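Below is one structure, written out as structure tokens, with a few remarks after it.
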Amino acid sequence: MSGKRILGLSAGNRGGSADILLKQALHAAEDAGAEVAMVRVDDLELSQGPRGGADDSAWFWDQLMESTGFIVSTPIYTRTIPGKLRLLGDKISGPQADVAFTAEILRMRSAGEELSVIFPVDERVLRPRVGAFICVGGSLPSYWKALALPLMHTLTASAQIGIVDQVEFAGAGSPAAIVLDAAALERTAQLGRAVAEQLGRPYDEVEYRGAPGVCPLCHLDAIVLYPDHIECASCGAGGRLEVRDGSITAVFTAEGQQQSILSYTEKLAHFREVQETAARQAPERAHIDAVAAEYADWDRALSPR
């Protein structure tokens, strides 16, 4: 693995605005001394459904694991990210990409402790990585972009890739129109340089360079309101709303920040929860299989083939 390699992932059309912005970031990172490489989501074969087929997700995972930086650039479709990018995220995320799952499985195996449920392990996920996100859309109002960055974080949260910067751009309503926005191009170059400068830093030492946002951990503004508390809709950090000087302010407590899925504390708690749930359900396996078989025998599904 190169200690200075940044992998760029483009989820847009070849030559489109997202593609151009990624190249701008990677070019700036290269000028700052990093080795760079680029993959387009549209060039990947990603299988789904029972028929399977060719699948490049394992190849992409290897490319990511052999890099210390990760920049993702995507167009915004109907407030969110393209489905194929989401599919790739599903394939490379989960327990096999989780730093706490990996560390705990290795520790338990070394100690001779029994695992209730076993997951594949790739020790490369434990190496420090930093990353950044770029989103670009045509519509100007903020509510047409609201779900893009929160979903981008699902690509990196399990592997605890430290996010250095994240940015959204609007107004690129026709192909490649982002080239008209000189400020966007410079801002993206700034993002690329920021990633290059922090390659190799441990997660807790990563310096975030983007807009601060409401959440102190993922730096986004998507909040879930409950009667007695709030949670960050992106990372799960907990807190409360307070009125200060006539304005409503979100306050995230130290304890609430520990429940964020970005924190190692919560990742470790999640690993233990999964193991404990599997251990609790193991004695019920025969009953579970018997009842599930009854549902399998009742089938009214339609299929195109």
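The values are calculated or read from the model by the stated rules, or taken from the named source; none is laboratory data. All values reported here derive from a predicted model rather than from experimental measurement. Cβ sites come from the backbone with ideal geometry, for glycine too, and all protein chains shown count toward neighbours.
Being over 25 Å from R240 (Cβ atoms) and out of contact with any strand residue (DSSP E or B) (no Cβ under 8 Å at 6 or more places or on another chain) is a property that holds for A292. Per the listing E45, E104, E113, the residue uniquely over 22 Å from L7 (Cα atoms), among the acidic types (D, E) and part of a loop (DSSP other than H, G, I, E, B) is E113.
Looking at L151, L155, just one residue is at pLDDT 95 or above, of a type in the set (A, V, I, L, M, F, W, C) and buried (at least 22 other Cβ atoms within 10 Å of the Cβ), and that residue is L155. For segment 59-108, a residue qualifies if it is touching a Phe, Trp or Tyr at 6+ places or on another chain (Cβ under 9 Å), small (G, A, S) and closer than 14 Å to L9 by Cβ, and exactly one does: S73.
Within segment 2-20, none of the residues are loosely packed, with under 14 Cβ neighbours inside 10 Å, outside any loop (DSSP other than H, G, I, E, B) and either basic (K, R) or at pLDDT 95 or above (or both). Looking only at residues in segment 184-223 that are surrounded by fewer than 18 Cβ atoms within 10 Å (Cβ to Cβ) and of a type in the set (D, E), the one that is farthest from Q259 (Cα to Cα) is E186.
Within segment 283-303, none of the residues are closer than 24 Å to A100 by Cβ, at pLDDT 95 or above and touching a helix residue (DSSP H, G or I) at 6+ places or on another chain (Cβ under 9 Å). Taking the criterion of being under 13 Å from S260 (Cβ atoms) and either among the acidic types (D, E) or modelled with pLDDT under 95 (or both), the only residue of segment 224-250 that qualifies is E231.
Applying the criterion of being in a helix (DSSP H, G or I) and in contact (Cβ under 8 Å) with a residue 40 or more places away in the chain to the residues of segment 126-148, the residue that is surrounded by the most Cβ atoms within 10 Å (Cβ to Cβ) is A148.
Within segment 62-101, being in a loop (DSSP other than H, G, I, E, B) and modelled with pLDDT of 95 or more holds for E66, S67, T68, I76, I81, P82, D98. The set of residues from segment 100-125 being exposed (fewer than 13 other Cβ atoms within 10 Å of the Cβ) and small (G, A, S) comprises S110, A111, G112. Scanning segment 212-226 for residues that are part of a loop (DSSP other than H, G, I, E, B) and either free of Cβ contacts under 8 Å to residues at least 12 places away in the same chain or among the aromatic types (F, W, Y) (or both) returns P212, G213, D221, Y226.
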